[in-house]
Amino acid sequence: MRMMVLLLFLLISAPVWAKPGDGLILMGPPGSGKGTQSGFLQERYHLKAISPGDLLRAEVQAGSSLGQQAQNYMKSGQLVPDQLILQLVAGQLDQLKPGQGFLLDGFPRTKTQAEKLDHLLLQRHLSVVAVLLFEIEDQVLVERLSGRRICPNCQRSYHVNDNPPQRPGLCDSDSAMLVQRSDDQPQVISKRLEAYHQSTVPVAGYYQERGLVQTLQADQSIEQLKSEIVGLLDSVLQAKIVP
Ligand code: AP5
């Protein structure tokens, strides 16, 4: 009997994902907290996280041809050409394990990327279950990005005041020395914000028309945002499971 109760409790409390091959999109301006929440969501729902920003930084660090083509755009705060990004994302989608859900962090950022993503998903029998749109004032973002430090190994992100590591300057996960991203400089931050307003805001409209967008006020604490997202997602997922 005690075993039955325990099993029932585990079934009720365990987070369930909608169905195999379903995915999430995290959309929002630079510094709005997409990467921070992505780390948490991929663990909670066992999703494969696909972040073109992280992938591009790894390519730049490795000195690959793709990295060399991308780095000047990144350094100056511009979007990397669609064709390079789509190539990266398609490769990642092909690595999904059978039945695994996925999370797209910072993709798509242009209308072309959104349209091409539809094709990539269709070809692979995958679909998007929700788009989480992080909304926040630009002024807050400048402060957040200036104080951000990242782990060069695992890409985990911290903030010197709001989200510090347990030991100053060292990553909690692998003890690597934290660094500042080269595009987290004030002039580059304003270019990145410009690119967001110009090219990515219209993409939110693309998904709004399909009723997929869940808007979040991102100017709240990391923990508050986490629980708001879990509440939202659990109801979206529940609605998909219950006939
Ligand atoms: P990318 O790496 O994707 O950068 P981004 O979108 O500009 O987003 P960030 O990583 O800067 O911010 P975030 O929202 O993840 O915030 P985070 O959680 O770290 O892209 C970099 C570049 O690659 C682009 O500029 C472009 O050149 C290229 N690129 C990438 N994708 C592309 C695409 N699809 N098409 C074309 N080009 C592409 O948080 C920020 C800070 O705030 C941290 O310090 C964190 O600790 C702190 N923080 C987080 N949440 C909170 C909170 N709730 N309260 C207080 N502090 C918080």
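Since every read-out is calculated from the coordinates, none of them should be taken as a lab result. Keep in mind that this is a model prediction, so the values were computed, not measured. Glycine gets a Cβ as well: all are built from the backbone with ideal geometry, and neighbour counts include every protein chain shown.
Data for the structure
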| read-out | value |
| --- | --- |
| Amide H within-cut-off set for Gly28, under 5 Å, with H built and near neighbours excluded | Phe134 |
| Sparse-neighbourhood loop sites, GluC sites (Glu not before Pro) in region 181-231 - DSSP loop, at most 15 other Cβ within 10 angstrom | Glu209 |
| Estimated translational D of the chain in µm²/s (Stokes, Kirkwood radius over Cα pairs; 37 °C; 0.692 mPa s) | 173 |
| Arg149 long-range amide H proximity, modeled H, under 5 Å | Tyr158, His159, Val160 |
| Backbone HN-Hα couplings from phi across region 36-52 [Karplus 6.51/-1.76/1.60, Hz, Gly and Pro as x] | 4, 6, 4, x, 5, 5, 5, 6, 5, 10, 6, 9, 8, 8, 10, 10, x |
| ³J(HN,Hα) computed for each position of region 201-210 - Karplus, 6.51 cos²θ - 1.76 cosθ + 1.60, integer Hz, glycine/proline x | 3, x, 5, 4, x, 4, 8, 4, 4, 9 |
| Residue-by-residue Karplus 3J(HN,Hα) for region 120-132, coefficients 6.51, -1.76, 1.60, Hz, glycine and proline x | 4, 6, 4, 4, 9, 6, 10, 8, 9, 9, 6, 10, 8 |
| Gain on full stretching of the segment that runs from Gln224 to Asn72 - 0.36 nm per residue minus C-alpha separation | 51.1 nm |
| Angle between the chain longest axis and helix 222-241 axis [Cα atoms, degrees, rounded to 10] | 50 |
| Counted charge near Met74, where neighbours are those whose Cβ lies closer than 11 Å (Asp, Glu -1; Lys, Arg +1) | +3 |
| Gyration tensor (alpha-carbon) shape descriptor, region 143-243, a/c threshold 1.5 | oblate |
| Amide hydrogen neighbours beyond the local backbone of Lys48, cut-off 5 Å, H modeled | Gly101, Phe102, Leu103 |
| Top of Gly77, Gly28, Gly147 by mean-square fluctuation, Gaussian network on the chain, Cα under 10 Å | Gly147 |
| Label point distance in nm, Leu232-Ser146, each placed 7 Å from Cα along Cα→Cβ | 2.8 |
| Neighbourhood net charge (14 Å Cβ-Cβ; Lys/Arg +1, Asp/Glu -1) for His46 | +2 |
| DSSP-assigned coil residues among chymotrypsin sites (Phe, Trp or Tyr not before Pro) in region 149-243, each with at most 12 further Cβ atoms within 10 Å | none |
| At most 14 other Cβ within 10 Å, DSSP loop - trypsin sites (Lys or Arg not before Pro), region 99-198 | Arg124 |
| Modelled FRET efficiency - R0 35 Å, Gln61 with Lys97, Cβ distances, 0.05 increments | 0.85 |
| Dipole magnitude of the chain about its Cα centre (Cβ charges: Lys, Arg +1; Asp, Glu -1), debye to nearest 20 | 500 |
| Cα lying deepest toward the dipole's positive end in region 52-209, options Ser65, Gln185, Gly147, charges on Cβ | Ser65 |
